[in-house]
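The values are calculated or read from the model by the stated rules, or taken from the named source; none is laboratory data. Predicted model only: the values in this text are computed from it and were never measured. Positions of Cβ are backbone-derived with ideal geometry, glycine not excepted, and every protein chain shown enters the neighbour counts.
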Ligand SMILES: C[S@@+](CC[C@H](N)C(=O)[O-])C[C@H]1O[C@@H](n2cnc3c(N)ncnc32)[C@H](O)[C@@H]1O
């Protein structure tokens with residue numbers, strides 16, 4: 001593990017050197033190497049005794065082969081490979097605004113080689129092995145998995161304090177919104193790391209997703225058969241918690257809280273997300289890229305869709321009740337996040353919620369092309385068509401996120417037809 005970590009840091013340093021960000025990243029790394037251990041030790045000392053005794057060892061044990069562990073289904077893997085290869089083909093002719101530049105271009109180069117090789121060659125057994133160990137493979141880093149805490153737990157003297165303090169803080173934030181006694185569940189897919197609660201491993205981010213799921217379902221309460229589109233959904237944690245929170249309800253002939261949930265992400269990450277959602281919701285109809293139109297029309301016979309980011313353009317005007325994006329617009333190249341906003345402005349019929357930071361990330365791609373992100377506070381939908389319902393400091397924040405300037409949650413509501421008068425951003 002330590003050796004892998006060193007190789008990873010060396011690859012990051014090489015890439016940072018070539019794209020001119022070595023000084024920025026080294027400064028951030030050194031500062032957080034001092035600040036985070038101090039913060040988590042102080043947090044740990046303040047934890048009640050019962051929290052210090054939470055079952056962390058069982059949560060970080062190897063879960064592969066454990067009762068209830070969901071193995072990747074070879075038929076699903078074949079579909080994921082076909083969708084990935086179709087995405088790659090379509091990506092070649094996608095408009096330039098969807099080119100992957102900046103932060104995520106480096107991220108894919110450094111972390112996704114094994115996964116891409118398996119997807120490109122259609123190697124089902126290799127893909128099965130990688131997905132079986134999801135959450136502990138480098139390609140899930142930074143996409144809402146438990147990889148970061150797994151690495152800290154295994155390689156840092158303060159890793160245990162980090163996990164316990166962060167997990168308990170996230171749990172308490174979730175409890176502050178949820179009714180007393182509300183539980184969270186996390187499907188045993190891949191090899192998640194977290195705290196063991198009554199035999200179920202609950203990773204840290206589960207609480208964040210479950211909290212935002214409650215918010216979303218509340219906003220959409222008066223909209224039957226709502227359609228949600230999540231851009232940059234990572235490994236699918238938000239989709240899982242929102243659909244679990246909405247409860248069952250397909251094909252019953254009754255009103256459904258959510259009729260369709262679509263995730264758009266980079267093809268490599270969409271492959272991971274598809275693996276998670278196919279395993280988590282075996283009874284739902286799931287559509288991957290190439291299996292049918294990218295449309296939210298009620299005549300389309302699927303409940304959950306996973307598509308590559310550039311397919312967002314296919315969404316019809318006024319076809320989505322809620323767009324959601326977390327920690328992703330401000331990590332994209334500015335051309336892509338602006339293109340997303342353009343789609344949202346025409347396709348959104350009710351809400352846009354996003355959670356993004358205000359740190360400028362000047363980057364240079366491997367070929368020397370510069371890339372600059374758009375800040376969260378700069379991504380404002382047309383005020384003649386949308387009003388801002390709130391902008392508030394982000395609720396969930398990891399110790400390492402403190403390096404970012406301003407991290408806010410935004411909710412915008414569509415208000416054409418004169419209702420927007422007088423609202424100034
Ligand atoms: C930090 S992760 C956040 C994941 C998840 N939303 C969460 O909150 O845990 C950023 C996500 O944005 C995605 N992403 C990066 N560039 C993108 C683009 N141009 N279009 C769509 N998604 C993108 C990444 O693949 C990744 O899943």
Original post:
How about the range 89-116: which of its residues are within 16 Å of the ligand (Cβ to nearest atom) and within 18 Å of residue 287 (Cβ to Cβ)?
Top reply: 90
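Answer with yes or no whether residue 276 is modelled with pLDDT of 95 or more, farther than 25 Å from residue 349 by Cβ, crowded, with 24+ Cβ neighbours inside 10 Å and out of contact with any strand residue (DSSP E or B) (no Cβ under 7 Å at 6 or more places or on another chain).
So residue 276 does not fit the description; no.
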Original post:
Quick one: is residue 172 farther than 25 Å from residue 261 by Cβ, over 18 Å from the mean Cα position of the chain (by Cα) and not in a helix (DSSP H, G or I)?
Top reply: no
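This table checks each residue for (1) buried (at least 20 other Cβ atoms within 10 Å of the Cβ); (2) at pLDDT 95 or above.
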| position | (1), (2) |
| --- | --- |
| 47 | no, yes |
| 62 | no, yes |
| 68 | no, no |
| 80 | yes, yes |
| 92 | no, yes |
| 95 | no, yes |
| 100 | yes, yes |
Original post:
Checking residue 114 against (1) in a helix (DSSP H, G or I); (2) touching a residue at least 24 places away in the same chain (Cβ under 8 Å); (3) crowded, with 18+ Cβ neighbours inside 10 Å, which single condition isn't satisfied?
Top reply: (3)
**OP:** For the range 211-235, name all the residues that are within 13 Å of the ligand (Cβ to nearest atom) and part of a loop (DSSP other than H, G, I, E, B).
**Re:** 232, 233, 234, 235
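Those residues that are in a strand (DSSP E or B) and under 13 Å from the mean Cα position of the chain (by Cα), I need them from the range 321-339; list them, please. First the steps, then the outcome.
Going through the range 321-339, the residues in a strand (DSSP E or B) turn out to be 321-326.
Scanning the range 321-339 gives 324, 325, 326.
Can you tell me which residue is farthest from residue 363 (Cα to Cα) among those in the range 1-45 that are at pLDDT 90 or above and in contact with a helix residue (DSSP H, G or I) (Cβ under 7 Å, 6 or more places away or on another chain)?
Filtering first and then ranking leaves 44.
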Original post:
Which is more than 10 Å from the ligand (Cβ to nearest atom), surrounded by fewer than 23 Cβ atoms within 10 Å (Cβ to Cβ) and closer than 20 Å to residue 380 by Cα, of 313, 331, 300?
Top reply: 313
Original post:
Say we look at the range 285-297 and pick out the residues that are in contact with a helix residue (DSSP H, G or I) (Cβ under 8 Å, 6 or more places away or on another chain) and farther than 23 Å from residue 124 by Cα; which of these is nearest to the ligand (Cβ to nearest atom)?
Top reply: 294
**OP:** Being away from the ligand (no atom under 11 Å from the Cβ), at pLDDT 90 or above, in contact with a helix residue (DSSP H, G or I) (Cβ under 6 Å, 6 or more places away or on another chain) and not in a helix (DSSP H, G or I) is the filter here, so list the residues in the range 236-259 that pass it.
**Re:** 258
Original post:
Quick check: is even one residue across the range 289-309 closer than 23 Å to residue 207 by Cβ and in contact (Cβ under 8 Å) with a residue 24 or more places away in the chain?
Top reply: yes
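Would you mention how many residues in the range 359-371 are exposed (fewer than 15 other Cβ atoms within 10 Å of the Cβ) and either within 13 Å of the ligand (Cβ to nearest atom) or at pLDDT 95 or above (or both)? If you could, list the steps in order and put the result at the bottom.
Narrowing the range 359-371 to residues exposed (fewer than 15 other Cβ atoms within 10 Å of the Cβ): 360, 362, 366-370.
Retained after the next criterion (residues that are either within 13 Å of the ligand (Cβ to nearest atom) or at pLDDT 95 or above (or both)): none.
Of the residues in that region, 0 qualify.
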Subject >> Filter result for residue 132 (more than 23 Å from residue 367 (Cβ to Cβ) and within 15 Å of the ligand (Cβ to nearest atom)) >> reply: no
